[in-house]
Amino acid sequence: MDHSTTRSPGACDEYVDLLARSVDGVLTETERVRLDAHAASCAACRQALADQQLIRTSLSEALSLDASPAFVARVLSQLPESGRWFDRLDFRRLTWRLSPVAAGLALAAAFVVATGQPTVTDAAGPDSIPPAALSFDEVIESSDMVTLLWQAEGGQVEAGGNGEGEVIP
Amino acid sequence: MSGPARGFPPEDADEDRDLVDRARRGDQEAFRRIVEKYERRVRGLVWGLVGDRSDAEDVAQEAFLRAFRSLSSFGGRSSFRTWLFQIALNAARTHRQSRRSRLQPEAVDPADLERAPETGSVEQGLIARDRLRRALGQLPADMREAVLLRDVEGFEYREIAELLDIPIGTVESRIFRGRARLREALAAQTIPET
């Protein structure tokens, strides 16, 4: 086997994924047979397999920690006594849920203005300026703005294919 | 001594959902259970990522506090543990960026002395662990994250792909190359005289 073009030292490029997953025990039967057949004739891949296994086992031991009640106590001592009501509000979700309501109100206001029916009685008399109504797009834009402002405060939205990712603080 | 790649039992997800719901409603006992359940894993991951044990405790604490403050924004589209570990990864990355530090040799942890290695003497076990942690510090951050999530935390490949937002093939490649580089780094290190 020619290893001159291998990306990983010592191992054959086309078997890298199988070698990694092999020590995790997640190969399919077909993959297992394929890797075994190759490893039987490839000393470099056999060595790579042994290395992968060694590191996998040793790493878990090297970073093994005992449970720490002191750590738990330290975290809990930093929590607020009882969360303030506005800390518990999910503004992102509220914004999303209230957008249709806001849009509906805006459309109603636009309809009223368009039909010329006054909605606000102003002591200043007939020359008073009626309240401005937002267009549908403006309402959507402003509700998106709340989300954007919230993200600018430090919230991140996990990248996801459907745009419905979790918020990662 | 824990075995390799701890993993997560499937029933964990249901329990997490219940605990998160309760914690959201202000039940701090539920949040205590969450911390107790995940603190070893989060501390272990962060230790591997930031290198310094003392810093790791602070970063892990910050991760749990961030999670608590943001429970209301957790939508359940991913598993809670994935979300929590993503917060821990972000906290460790922020720490790394602020410190720009590499792993430094640490003082021997007294807890290590009490934990007997599976083979060899206590001293040999300590040396081996120290060498491995130092070797870990020489790995590029992207490989380090992938290897730790698999070999220390026991995440499945698809979960790591989700956590790191990379294709599963890239996960396999990073894990393979990360382990291979660790093996090389270990081989290159000389055993310190005692």
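The values are calculated or read from the model by the stated rules, or taken from the named source; none is laboratory data. In this text, all values refer to a predicted model and were calculated from it rather than measured experimentally. In this analysis, Cβ positions are derived from the backbone assuming ideal geometry, glycine residues included, and neighbour counts consider all displayed protein chains. The accessibility values were calculated without ligands, DNA or RNA, using every heavy atom of the protein model including side chains. Shrake-Rupley method; radii C 1.70, N 1.55, O 1.52, S 1.80 Å.
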Ballpark to the nearest 100 Å², how much total accessible area do B and A bury together, probe 1.4 Å? 5400
Could you compute the net charge surrounding B:ALA185? Neighbours are other residues with a C-beta less than 10 Å from the C-beta of B:ALA185; K and R count +1, D and E count -1. +3
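Could you compute the FRET efficiency for A:LEU98 and B:ASP142, with r as their C-beta to C-beta distance and R0 at 45 Å, rounded to 0.05? Please list the in-between numbers first.
Working: r = 40 Å, r/R0 = 0.89.
That pair, A:LEU98 with B:ASP142, gives E of 0.65.
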Heavy atoms only, 1.4 Å probe, whole protein assembly: order B:ARG40, A:ARG56, B:ARG69 by accessible area, highest first. B:ARG69, B:ARG40, A:ARG56
What net charge is computed for the residues neighbouring A:ALA67, neighbours being all others with C-beta under 11 Å from the C-beta of A:ALA67, Lys and Arg scored +1, Asp and Glu -1? +1
When Cβ neighbours within 10 Å are restricted to other protein chains, what is their mean count per residue of peptide A:19-32? 3
Across all Cα atoms of the stretch B:33-78, Rg and the largest Cα-Cα distance (Dmax), in Å, are 11.5, 33
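Considering every residue in A:45-57, what mean count of other chain Cβ atoms within 10 Å of its Cβ is obtained?
4
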Averaged across B:152-159, how many Cβ atoms of other chains sit within 10 Å of each residue's Cβ atom? 2
Packing-based order for A:22-29, B:52-59, using average beta carbon neighbours within 10 Å, highest first: B:52-59, A:22-29
Take the solvent-accessible surface of the protein heavy atoms, probe 1.4 Å, and return the percent of it on the stretch B:10-101 that carbon and sulfur atoms account for. 40
Note: B:ASP58 to B:ILE168 extended length (0.36 nm per residue) minus current alpha-carbon separation gives 36.5 nm
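What FRET efficiency would be calculated for the residue pair A:ALA67, A:ALA43, taking the C-beta separation as r and a Förster radius of 45 Å, to the nearest 0.05? Please report the intermediate quantities before stating the final value.
On the way: r = 43 Å, r/R0 = 0.95.
Efficiency at R0 = 45 Å is approximately 0.55.
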